[in-house]
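The values are calculated or read from the model by the stated rules, or taken from the named source; none is laboratory data. As the structure is a computational prediction, the values presented were derived from the model and not from experiment. Counting neighbours? That spans all protein chains shown, and the Cβs are built from the backbone with ideal geometry, glycine included. The accessibility values were calculated without ligands, DNA or RNA, using every heavy atom of the protein model including side chains. Shrake-Rupley method; radii C 1.70, N 1.55, O 1.52, S 1.80 Å.
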Amino acid sequence: MAKTPKFANAKVFAWVDKWNKVCTPDKIVVVKGTKKEHTDICEMMVKKGQFIKLDQKKRPGCYLARSHESDVARVEGRTFICSKKEIDAGPTNHWKDPEAMKKEMLKKYKGCMKGRTMYVIPFAMGPVGNPITQYGIELTDSPYVVVNMDIMTRTGDAVMKHLGKDGNFIPCIHSVGAPLKKGQKDVAWPCAKKIEDKYITQFPEDGEIWSFGSGYGGNALLGKKCFALRIASKLAKEQGWMAEHMLILTLTSPSKKQYHVTAAFPSACGKTNLAMMLPKLKGWKLQTIGDDIAWLKPGDDGRLYAINPENGFFGVAPGTSKFSNPNALLSCKKDTIFTNVVLTCDKDGKPTGDIWWEDMGVDAPVRGIDWKGNPCWRAADRKDKMVPAEGMTAKEAKEKGYVAAHKNSRFTAPAVNCPVLDKDGFNGVYNKKPTGVPIDAILFGGRRPSTIPLVNEAKSWTHGVFMGSAAGSEVTAAVISDQIGQVRRDPMAMLPFFGYNVADYFQHWLEMERTSPNPSNLPKIYFVNWFRKGKEDGRFMWPGFGDNSRVLKWICDRIEGKVKANETAIGNLPFFKDIDLSDNVGEKGFTVVPEDLKEILTVDVEGWKKEIATVGQSYDEYDKKASKDNPAVLENARRVPAALRAKLAEIAAALG
Ligand code: GTP
Ligand code: SPV
Ligand code: MN
């Protein structure tokens, strides 16, 4: 066992000391947060074969990691909310009694860091010192986690100093769950290989996070989903603010008026892309504040003010190209960690130190090494695909379900790399004050191949909350699941991230209006869908990406009261003539087809009747599950709020 170092903050000492005794690491290192320390850890991982150093001319400060095949995405089935009462975790979460869970997990943690170093990462969610910012201490035996946390959060001495002697923080413990025997050689990606040995556990009442067995993304970078959404959503409910799975962007019109927009889309449904989109419409400027998480607090004026608690982007690699998201590509030019993408090689199979993924918008390298570490070749028939055997065609590879970069392969890039970062907004500053930025519009969305129109404006706050509660989306590779591609309900894009009962969460959204000092200053709410598909050919009916600026412009026009809307049973839709189609020049097929646009601005009445029925079923399901363990609950307030039921009935009636 290592000696527990001294800390000025007694609570920090107690947390480190407790886990030092349980996990018995060989060594303890307190993360300082310097660039040199970051590089030293990366280089140490290169030596151990856990990182591949990329060509430092092409990609300075960049490294590639390949994860174990069992450890490629979030594990929702092994994610737990452990409140004392099951009803407080609610019907959408996996629940276990906190004491039983701690007992079970402590057995796993016993001696789990043998042969490894325990890193103590002090981190801030938000700019250090900002009144909205919260702090955490993550203990981990994964150097991969340390260098990713360096990018995704503000880490190190500045945080420890800010905590001082008695500053408060969310204590987090993480282990990959792979102790080393004396002399045992480490593997490239240590983790617990069996899914049932992985645990992503939140204790919302103690404000603690315990994670075991996985080293990937939201499972292991505990500031992200575990803290900034699950734990923070609970704090936010108690304290009257909101923690949401939302990007934040700043939009400036040709007349230099600024708007701030947040958008909640489920995992791998377009937040990073919208957050740094290059508008197709001339004269419009878009800047990024955040791409995944927003914390919103009501101001005295009734507006909601938002900060991005993160410090970097953990972005989906496949599909990111100079056509779809040039600013994301530029964000990973330097100081970026790539996970599970392709390493480029020359014609003899020798690595050339760059990276590639599907739909990167550049020719595939002649040869490469795929995310599993196996050789791959440029397809015989196409320049933009890689195949697992020399001479194979792209079609043959597709039939085998082969992809060279994992579908949930990611880049971890510092936000400051983003060429269109709104620096003030990112630093939580608005009008020289540390309030965060005032939000003008909130968007909900999802991947919906049918029924859901391009954009739909809520007629009231309650209608907007209803829209969010009714959100559904196709399941993506961001989660390990056997339901990828199927539409599931994902209220407010928060299904995997609620830290408490979903019905209470709906109620909390409604309360934001009821308790507002000026409800008329709340943001307007919209539902968007970039993913409608043609019935016959399965092509996307909307070009998406930079063309989404046309929808944002319509939203600004509505905020300004410049255009009327088509007031339908489901909400306010744009008139065709009000979607600006200027500069509709195609690049890589990204062009608006007017006939398609007309169709996706029309209410599909039959589709919507089914949709409303499905939403009603999801409400019934929440209520039924909530009452299973405690029939008394049914009589109380722990149900889908009556106001949302009423909205559902109202829309159903209007559809006829
Ligand atoms: P998480 O990081 O998992 O929360 O995902 P995200 O919501 O940030 O999704 P992201 O922007 O990374 O997009 C995921 C995938 O959707 C990528 O492959 C994108 O190319 C694709 N995508 C994003 N926006 C659009 C769009 O407007 N139209 C279409 N057709 N695809 C899009
Ligand atoms: C998501 O799944 O929504 C992500 C990636 O943003 S992860 O950090 O793994 O949660
Ligand atoms: Mn996300």
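Among the residues of the range 235-259, how many are out of contact with any Lys or Arg (no Cβ under 9 Å at 6 or more places or on another chain), closer than 18 Å to SER549 by Cα and within 16 Å of ligand 3 (Cβ to nearest atom)?
2
Taking the stated definitions as given, is LYS256 touching an Asp or Glu at 6+ places or on another chain (Cβ under 9 Å), more than 14 Å from ligand 2 (Cβ to nearest atom) and not in a helix (DSSP H, G or I)?
no
Take the conditions touching a Phe, Trp or Tyr at 6+ places or on another chain (Cβ under 6 Å) and within 27 Å of PHE506 (Cα to Cα) and apply them to HIS68. Does it pass?
Criteria not met by HIS68.
Kindly indicate which of ALA232, ALA220, ALA263 is modelled with pLDDT of 95 or more, within 20 Å of LEU443 (Cα to Cα) and within 16 Å of ligand 3 (Cβ to nearest atom).
ALA263
Scanning the range 69-104 for residues that are of a type in the set (Lys, Arg) and part of a loop (DSSP other than H, G, I, E, B), which turns out most open to solvent (accessible area, probe 1.4 Å)?
Among them, the one singled out is LYS84.
Given the condition modelled with pLDDT of 95 or more, under 26 Å from TRP554 (Cα atoms) and within 20 Å of the chain's Cα centre (by Cα), answer yes or no: does some residue in the range 328-341 qualify?
Yes, the range 328-341 contains at least one residue that is modelled with pLDDT of 95 or more, under 26 Å from TRP554 (Cα atoms) and within 20 Å of the chain's Cα centre (by Cα).
Of the conditions (1) more than 16 Å from ligand 3 (Cβ to nearest atom); (2) over 30 Å from ASN431 (Cβ atoms); (3) open to solvent by less than 30 Å² (accessible area, probe 1.4 Å), LYS372 clears all except one; give me its number.
Single failed check for LYS372: (3).
Filter the range 105-132 for residues that are assigned to a strand (DSSP E or B) and surrounded by fewer than 22 Cβ atoms within 10 Å (Cβ to Cβ) and give the result.
Within the range 105-132, just THR117 meets the criteria.
When you look at PRO574, is it closer than 30 Å to SER255 by Cβ and surrounded by 13 or more Cβ atoms within 10 Å (Cβ to Cβ), yes or no?
Judged against the criteria, PRO574 is a match.
For every residue, the table says whether it meets (1) more than 29 Å from LEU601 (Cβ to Cβ); (2) within 14 Å of ligand 1 (Cβ to nearest atom); (3) in contact with a Lys or Arg (Cβ under 7 Å, 6 or more places away or on another chain).
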{"site": "ARG410", "(1), (2), (3)": "yes, yes, no"}
{"site": "CYS418", "(1), (2), (3)": "yes, yes, no"}
{"site": "ASP422", "(1), (2), (3)": "yes, no, no"}
{"site": "ASN431", "(1), (2), (3)": "yes, no, no"}
{"site": "ALA441", "(1), (2), (3)": "no, no, yes"}
{"site": "PRO449", "(1), (2), (3)": "no, yes, yes"}
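Sort out which residues of the range 56-68 are open to solvent by 50 Å² or more (accessible area, probe 1.4 Å) and more than 15 Å from ASP197 (Cα to Cα), and write them in order of number.
GLN56, LYS57, LYS58, PRO60, ARG66
Considering only residues that are in contact with a helix residue (DSSP H, G or I) (Cβ under 8 Å, 6 or more places away or on another chain), assigned to a strand (DSSP E or B) and within 16 Å of ligand 2 (Cβ to nearest atom), which ones fall in the range 291-338?
Within the range 291-338, TRP295, GLY312, PHE313, PHE314, GLY315, VAL316, ILE337 meet the criteria.
Quick check: anything in the range 498-510 surrounded by 17 or more Cβ atoms within 10 Å (Cβ to Cβ) and within 15 Å of ligand 3 (Cβ to nearest atom)?
Yes, the range 498-510 contains a residue that is surrounded by 17 or more Cβ atoms within 10 Å (Cβ to Cβ) and within 15 Å of ligand 3 (Cβ to nearest atom).
Name the residue, out of ARG514, ARG489, that is among the charged types (D, E, K, R) and without any contact (Cβ under 8 Å) to a residue 12 or more places away in the chain.
ARG514
So PHE13 clears everything in (1) closer than 14 Å to SER175 by Cβ; (2) of a type in the set (Phe, Trp, Tyr); (3) open to solvent by 50 Å² or more (accessible area, probe 1.4 Å) except one condition, right? Which one?
Here PHE13 clears every test but (1).
Return only the number of the condition from (1) more than 16 Å from ligand 1 (Cβ to nearest atom); (2) in contact with a Gly (Cβ under 9 Å, 6 or more places away or on another chain); (3) small (Gly, Ala, Ser) that ALA364 does not satisfy.
Against the list (1) more than 16 Å from ligand 1 (Cβ to nearest atom); (2) in contact with a Gly (Cβ under 9 Å, 6 or more places away or on another chain); (3) small (Gly, Ala, Ser), ALA364 comes up short only on (2).
When residues of the range 519-557 are filtered for being within 28 Å of ALA306 (Cα to Cα) and open to solvent by 40 Å² or more (accessible area, probe 1.4 Å), how many remain?
Looking only at that region, the number is 6.
Select from the range 390-431 the residues that are part of a helix (DSSP H, G or I) and more than 16 Å from ASP291 (Cβ to Cβ) and write down the one among them that is nearest to the chain's Cα centre (by Cα).
ASP424
Would you please name the residue that is farthest from ligand 1 (Cβ to nearest atom), looking only at residues in the range 278-300 that are surrounded by fewer than 19 Cβ atoms within 10 Å (Cβ to Cβ) and not hydrophobic (A, V, I, L, M, F, W, C)?
Here the residue is ASP300.
For the range 40-60, which positions are closer than 20 Å to LEU221 by Cα and either assigned to a loop (DSSP other than H, G, I, E, B) or within 16 Å of ligand 3 (Cβ to nearest atom) (or both)?
GLN50, PHE51
Out of (1) more than 19 Å from LEU421 (Cβ to Cβ); (2) in contact (Cβ under 8 Å) with a residue 24 or more places away in the chain, what's the single condition that is false for LYS271?
(1)
Between MET277, MET246, which is modelled with pLDDT of 95 or more and either among the hydroxyl-bearing types (Ser, Thr, Tyr) or within 12 Å of ligand 2 (Cβ to nearest atom) (or both)?
Among MET277, MET246, only MET246 is modelled with pLDDT of 95 or more and either among the hydroxyl-bearing types (Ser, Thr, Tyr) or within 12 Å of ligand 2 (Cβ to nearest atom) (or both).
Scan the range 348-365 for residues that are more than 26 Å from the chain's Cα centre (by Cα) and buried (at least 16 other Cβ atoms within 10 Å of the Cβ) and report the count.
Total meeting the criteria: 4.
Give the residue that is farthest from VAL261 (Cα to Cα), with candidates limited to residues of the range 441-480 that are open to solvent by 30 Å² or more (accessible area, probe 1.4 Å) and touching a helix residue (DSSP H, G or I) at 6+ places or on another chain (Cβ under 7 Å).
SER450
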